[in-house]
Amino acid sequence: MKNEPNKKNLVQDVLPSKRSIRNIELPNRSKRSVVSNDVSKVSTKNDYDEQDFSRPVSIKKEVDLNAGIKTSKESDIKENSYNYEYEDEIKRPSKKLFYGMVIIAIFILGFAISSIFKQAVITITPHSQVVALDSSFTARKDSVGATLGFQIVSVNKELSKEVAAGGKENVSIKAKGTITVFNTTTEAQRLIATTRFETPEGLIYRIPNPITVPARTIKDGKNIPGSVDTIVEADRAGESYNIDLKDFTVPGFKGGPKYEQIYARSKTEITGGFIGERKVVVEEDLIEASVILEEELKLALSSEIEEQIPSNFVMYKNGINYTFSTPTQSSGSGDTAIITKKATASAFIFDRASITREILEVTSPNIEDQNIKISNLDELNFTFSGNILDIENIGNLTFKLEGQPQLVWIFDQNLLTSEITGLSKSNVKQAISRYPSIKEATIEIKPFWFTSVPKNEDKVKIINTIEI
């Protein structure tokens, strides 16, 4: 066709000048291949077909040959996988952090546990002063108020001792025991000494001392007989009067209504009746046994009296008055005899506050603050002024006290405890300084890392260095 361009000329327009592949300079193997964008250096189709593509090309190992042809999707996958690995490394906790958290938890737990055992010990030394005392005092029985008073506490006791019997004697002994006398009348009944009581068998026993039997009472709609215990002694000596528990009538009321209304029953067996020869303790052994029994009775009676003394009263052992009965003998086992002795102890006791006031007036009349106690009040030497003949009927008692009483200023321990709970050490010292009776104080809080007193008063202990 005439208008169709010449194909040969068209190709030649884009082909460079004739150039053989042999004229192209080969790159050094050690250098990177260079790709040229110069279209003038693009070979013709024929030249392209003739190129040798088997020649080696130098490429660095770290260069990714496929980097230039990766799709965007593949690139995103690679990038996302790298991000996941980075995030995993961040989320994994280090061992140092773990151990640190464990140590902190142990510390917090230990602190919480230690707070359970938190306590405070406050040791306080109050003001004190020792004075000399050598004075006489007079007290009135059962007096109260400003006048010094005293009271009497009495106890009885009986002790026995088995002693070798080196002698013999003829004796005639009456049996003894205790009975309970009842009264069902509406009036109290007085019975004189030697009043007779009779058993159903006709044995007669008498009371050695007069008694008064109370009248009956009514309780819950029932009549309750009045009653009293008393000792009875057989009318005659001999073993025939040794009896077990029995019922008794009063022969003196026979023929009248009181014979049925007043009666008695044994409280103990009636024993000890004897006629004949028995082994006895010789005089020297009897005296020795009596002295031993007296000392044992004093110790026993003193202990019993001390147990009965109220805490706000003071008793002096030198102020106990003892009375002893004549020792009696009874047959023992074999060649022995039983020595029995009875004693009564009567103690004079004084109100601590009252006798402290009297001592202060003598030893320290210029002391205005009377909030004082004597720590060694029991240790002062007590002696009677004169003889005590009739303990029960004594009205006034004169005595002497000697020694060195220690005056101790006291403080309200409960109030102080309530004031210092929850305070720091410095604030505790300030609170204690407001007590003029306290000389000095030390504060110890356990465990040592706590710096304040527990809020619970049960965990606050106050120790007074001077016991009162």
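Taken together, the values in this text are just the output of simple stated rules run on the coordinates, not laboratory data. Worth saying up front: this structure is predicted, and the values here are computed from it rather than measured. In this analysis, Cβ positions are derived from the backbone assuming ideal geometry, glycine residues included, and neighbour counts consider all displayed protein chains.
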Here the net charge surrounding D244, from other residues whose Cβ is less than 15 Å away from its Cβ (Lys, Arg +1; Asp, Glu -1), is 0
What FRET efficiency, computed as 1/(1 + (r/R0)^6) with R0 = 30 Å and r the Cβ-Cβ distance, is obtained for I275 and L159, rounded to the nearest 0.05?
0.65
Enumerate the calculated ³J(HN,Hα) couplings along the stretch 141-149 in order (Karplus 6.51 cos²θ - 1.76 cosθ + 1.60, θ = phi - 60°), each rounded to whole Hz, writing x wherever the residue is Gly or Pro.
5, 6, 6, 10, x, 6, 7, 5, x
Using a basic spin-label model with each label point 7 Å from the Cα along Cα→Cβ, how many nm lie between T442 and T340?
6.0
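Within 12 Å, Cβ to Cβ, of T138, how many net charges do the neighbouring residues add up to if Lys/Arg are +1 and Asp/Glu are -1?
Once positives and negatives cancel, what remains is +2.
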Going down the list K267/K317; K279/K317; K161/K254; K222/K267; K298/K400; K176/K222, which pairs span over 32 Å between their C-alpha atoms?
K267/K317; K279/K317; K161/K254; K176/K222
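Could you tally the net charge around G422, taking each other residue with its Cβ under 13 Å from the Cβ of G422, Lys/Arg +1 and Asp/Glu -1?
Around G422, the charge tally is +2.
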Backbone HN-Hα couplings from phi across the stretch 243-260 [Karplus 6.51/-1.76/1.60, Hz, Gly and Pro as x]
10, 7, 5, 9, 9, 10, 10, 10, x, x, 9, 5, x, x, x, 5, 4, 8
Residues meeting the amide H criterion for N376 (H placed from the backbone, H to H distance under 5 Å, 5 or more places apart or on another chain) are Q406
Show me, for the stretch 284-293, the HN-Hα J-couplings you get by feeding each phi into the Karplus relation (A = 6.51, B = -1.76, C = 1.60, θ = phi - 60°), rounded to Hz, glycine and proline as x.
4, 5, 5, 5, 4, 5, 5, 5, 4, 5
Near the amide H of I462, under 5 Å away, which other amide H atoms are found, from residues 5 or more places off or on another chain, if H is placed in the peptide plane?
I122
In which sequence would Y435, Y99, Y205 go, from the one with the fewest C-beta neighbours within 10 Å to the one with the most?
Y99, Y435, Y205
